[in-house]
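Trainee: I have a structure I would like to understand better, so I am pasting it below and will then ask my questions one at a time.
The values are calculated or read from the model by the stated rules, or taken from the named source; none is laboratory data. Everything quoted here is computed from the prediction, not taken from an experiment. Using ideal geometry, Cβ is built from the backbone for each residue, glycine included, and neighbour counts are taken over all protein chains shown. The protein model used for the area step is the full one, side chains on, heavy atoms only, and it has no ligands, DNA or RNA in it. Shrake-Rupley method; radii C 1.70, N 1.55, O 1.52, S 1.80 Å.
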Amino acid sequence: MSYQVIARKYRPQIFDEVAGQRLIIDTLKNAVLNKRVAHGYIFSGGRGVGKTTTARILAKSLNCIKGPTVSPCGECPSCLEIAQGNSVDVFEIDAASNRGIDEIRELRENVRYLPARDPYKVFIIDEAHMLTTEAFNALLKTLEEPPPRSLFVLCTTEAHKLPTTIQSRCQHFSFRLLDYSEIRERLEWVLNKEQIEADEGALSAVAEAAEGSLRDALSLLDQAIASSGKRLEESHVRQLLGVVPSQVLVELVEAIDAGNTRQVLETVDRLSTEGYELNHFCGEFTRYIRNLAVAKSCGSKSPLLQLAESERAHLARLTERFSEEDLARFFQILIRAEGEMRYALNPRFQLELALLKMAHVRKLTPIEKLLGGLRGSQPAEDPKAGAKSPERFASPSVSSEKRTQPPPQPVRSAPARPANDHARSGPIASTAAEVNERATAPVPISQETLDPRLDKIKTLAFGQSKLLSSCLDPVTGWRFENGEVRFLFSKNSSWAVDFLSAREQQEKLRSVCAEALGQPVKICVTLEDQEGAGPRVRSSARERAESDQGVEAIIKKFQCTLVDVIDLSRE
Ligand SMILES: Nc1ncnc2c1ncn2[C@@H]1O[C@H](COP(=O)(O)OP(=O)(O)OP(=O)(O)O)[C@@H](O)[C@H]1O
Ligand SMILES: [Mg+2]
Ligand SMILES: [Zn+2]
């Protein structure tokens, strides 16, 4: 007799043999017993979880010579034919193969006649979501006025793609992915029947790799038996399935915990040279981290864990090293990486990046916390500023000032570089903005060489627009400090300040000044009395920043220095 694959050989033949899906099975059994079977059912759920199997059992229950019964005999012609898929009254239609147009047309013809032999005509439509609109319409008509003694079971992995008109005429059962323990139990049962021995670890490797699909589990088992014979060993099975040894996962977690990036990268390299599929590995590692997160939240005995008993103690020990937040973050990083790796030209980089992030992420946590704390201790601020935390802590002047309404004559404008982010810090990794800024750091220009440049600015401004240059005529003083050009105007020239406050004019003035000074600059136009005692103004903003507790806390925490202070309250 030819070899029959395990999944087919052990396909459940009665309701009670179906693993998991208890609620669905009980409901269907009741319907059969009480003769309240509906005309249309939708069986939805992942691949290989028992949809088609259950549909066939339902057909048998109705058509068995002893039926309707919840335990069909399995021996009568109906039972035998249904199991073999060649019953005269049970039709299996694969909507995926030719999208079902002909079949549904045929079905509409067919359905008008009573069953040839059995009590019911049963139509099992697999991959029902693939039917064409025409086919759906034809089906809908049939479901609207179902012929007596007919039953439709639509099996699909994507129920949401079924038209609502169809959905509303059927009873819908969602089959769920099987638990790790349900799969394991079933594997053990099959191995027992086949008289094959297996290591704990070999079994869990198969059960884990199946990811909730019993068909996958059984197919993997088939492969393992084919290559190992009567005894399945963990190392062999893992190798066969391309699953890394669990020790690798443990060591990787330990390396991440220790922040040992070298080991992290070397692990990836080793997996790659040994021929492991990195996308697949990422999935495995995600599952492992997920288990850690579950164990942390629900304890290492939780049924939510997809893991062998023997590995749980180890897992419990590992969870002690991490907080729930750490694990949630790891989980998030990996899930994102998994998605990105699918489309990446070089998935290895994505994986490396993800693992490096994991190794570093805990160092960054205190910064977030610190910022959170600082934020909490401060008066109401611009919520937009709060959302961009790295910028906020780098901009001490924001927190040193109560933000007041912008005066009608703004004194700041168009910064040539990010206006904030002025605090320098050692231990924090440079942000792109920081690096960028360093490259364009202001070059000091002495006062002697400065004055002649005002003429140049005026000349260039004249070239831009006459009005712009005439606005510069009443300038009573100007300074260039920390990359900022500050023009002072007497009180009776507020018209010029007003004019230069317009965004467009500021931009023109900024580019003119940048050209004259040979570097990117920021622009500030100010009326004299706003400046108070002239040059002291900047130092006073600085003084306020320096005496601010929040700023002080940041400087202390990050061991950084205050480079520049910008008075945003004047913006
Ligand atoms: N819940 C289950 N209990 C027992 N065996 C199952 C179960 N689910 C799947 N199997 C096994 O997997 C095989 C395939 O199952 P089935 O054809 O019912 O899957 P399906 O849900 O229809 O999947 P697909 O969406 O791929 O068609 C069966 O032959 C059986 O051996
Ligand atoms: Mg199926
Ligand atoms: Zn029977």
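Trainee: Could you list log10 I(q)/I(0) for segment 1-152 at q = 0.09, 0.18, 0.19 Å⁻¹, which the Debye formula gives when each Cα is one point scatterer?
Mentor: Debye intensities relative to I(0), on a log10 scale: -0.27, -1.15, -1.27.
Trainee: So which of LYS357/LYS557; LYS301/LYS357; LYS60/LYS141; LYS29/LYS51; LYS466/LYS508 end up more than 18 Å apart by C-alpha?
Mentor: LYS357/LYS557; LYS301/LYS357; LYS60/LYS141
Trainee: For a protection proxy built on the mean count of beta-carbon atoms within 10 angstrom, sort 274-280, 153-159 highest first, please. Could you put the intermediate results ahead of the total?
Mentor: Numbers: 274-280: 14.3, 153-159: 21.6.
Sorting 274-280, 153-159 by mean packing, highest first, produces 153-159, 274-280.
Trainee: Then there is this: In cubic angstrom, how much convex hull volume per residue do the alpha carbon atoms of segment 189-319 span?
Mentor: Enclosed volume per residue, from the Cα hull, is 102 Å³.
Trainee: Out of segment 305-347, which trypsin sites (Lys or Arg not before Pro) are coil in DSSP terms and have no more than 16 other C-beta atoms within 10 Å? Show your work: numbers first, answer last.
Mentor: Values: sites: ARG312, ARG317, ARG321, ARG329, ARG336, ARG342; in loops: ARG321.
Answer by residue number: ARG321.
Trainee: Roll a 1.4 angstrom probe over the protein heavy atoms and tell me the percent of accessible area of segment 443-570 that is carbon or sulfur.
Mentor: 52 percent
Trainee: Name the chymotrypsin sites (Phe, Trp or Tyr not before Pro) in segment 277-352 that are in a loop by DSSP and that have at most 15 other C-beta atoms within 10 Å, would you?
Mentor: none
Trainee: Okay, moving on. Counting other C-beta atoms within 10 Å, and keeping those with at most 15, which DSSP coil trypsin sites (Lys or Arg not before Pro) do you find in segment 92-143? Before the final figure, lay out the partial values.
Mentor: Details: sites: ARG99, ARG105, ARG108, ARG112, ARG117, LYS121, LYS141; in loops: ARG99, ARG112, ARG117.
When the trypsin sites (Lys or Arg not before Pro) of segment 92-143 are filtered for loop state and at most 15 Cβ neighbours within 10 Å, ARG112, ARG117 remain.
Trainee: If one computes P(r) from the Cα atoms of segment 443-570, what percent of pairs lie at distances over 25 Å?
Mentor: Roughly 31 percent, rounded to a whole number.
Trainee: Now a separate question. What's the extension gain from LYS301 to TYR3 if we count 0.36 nm per residue and subtract their Cα-Cα distance?
Mentor: So the chain would gain 103.3 nm between LYS301 and TYR3.
Trainee: Roughly how many Å² is the accessible area per residue of segment 61-157, as a whole number, for a 1.4 Å probe?
Mentor: On the way: 4590 Å² over 97 residues.
Here the per-residue accessible area is 47 Å².
Trainee: Ok, one more. Give the Debye-formula value of log10 I(q)/I(0) at each listed q (0.13 Å⁻¹), with one equal scatterer per alpha carbon of segment 89-209, two decimals each.
Mentor: Values, matching the q order: -0.65.
Trainee: Normalise the Debye intensity by I(0) for segment 180-241, one equal point scatterer per Cα, no solvent, then take log10 at q = 0.17, 0.21, 0.28 Å⁻¹ and round to two decimals.
Mentor: -0.43, -0.69, -1.31
Trainee: Length gain on complete extension for the stretch GLU309 to SER465, per 0.36 nm per residue less the alpha carbon to alpha carbon distance? If you can, show how the numbers build up before the last one.
Mentor: Details: separation 156, 0.36 × 156 = 56.16 nm, distance 7.99 nm.
Between GLU309 and SER465, full extension yields an extra 48.2 nm.
Trainee: Sorted from largest to smallest, which semi-axis lengths in Å does the alpha carbon gyration tensor of segment 3-89 give for its equivalent ellipsoid, taking the root of 5 times each eigenvalue?
Mentor: Three semi-axes, in Å: 19, 17, 11.
Trainee: Once neighbouring chains are kept in place and the probe is 1.4 Å, which whole percent of the accessible area of segment 74-160 is contributed by carbon and sulfur? Each step should come with its number before you reach the end.
Mentor: Numbers: 2110 of 4250 Å².
Summing carbon and sulfur atoms, their accessible area is 50 percent of the total for segment 74-160.
Trainee: Probe of 1.4 angstrom, ligands and nucleic acids ignored: what's the accessible area per residue over segment 208-364, in square angstrom?
Mentor: 49 Å²
Trainee: If you don't mind, there's one more thing I want to ask. What FRET efficiency, computed as 1/(1 + (r/R0)^6) with R0 = 56 Å and r the Cβ-Cβ distance, is obtained for LEU265 and GLU144, rounded to the nearest 0.05?
Mentor: My answer for the efficiency is 0.35.
Trainee: Output the Kirkwood hydrodynamic radius of segment 252-328, Cα pairs only, in Å rounded to one decimal.
Mentor: Hydrodynamic radius (Kirkwood, Cα only) of segment 252-328 equals 13.3 Å.
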